[in-house]
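J.: Got a structure here, written out as structure tokens. Questions coming.
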Amino acid sequence: MRVKTSNKTPINLNNKISSFRMVEKNKKSIDPKMLNILVCPKTKGPLNFNSETNELISKKAKLAYPIRDGIPILLIERARILE
């Protein structure tokens, strides 16, 4: 799957997703390029990876999006509300 971004060349998401899965299995870190692509679906703001909970955190929305089998589940209704 290719995605066009404004004023940039198209991004091949298939390579990014497989890269995300490989890094996620190690649970040490996330590819910074992947984090630059992903945004919170509610705020369109940045996400941070929490290796302890294996979630992508949106500080602005106060939501934690789970990662299942190496795939981020960026659905607001599936996110955990942060206190």
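J.: What ³J(HN,Hα) values, in whole Hz, does the Karplus curve 6.51 cos²θ - 1.76 cosθ + 1.60 give for segment 30-43 when θ = phi - 60°, with x put for Gly and Pro?
T.: Residue by residue, segment 30-43 yields 10, 4, x, 5, 5, 5, 6, 7, 6, 9, 5, x, 7, 9 Hz.
J.: If amide hydrogens are placed 1.01 Å from N in the peptide plane, which non-local residues have theirs closer than 5 Å to the one on GLU55?
T.: ASN50
A short reminder: the numbers here are calculations on the coordinates, not readings from a lab. In this text the structure is predicted, and so the values were computed from the model without any measurement.
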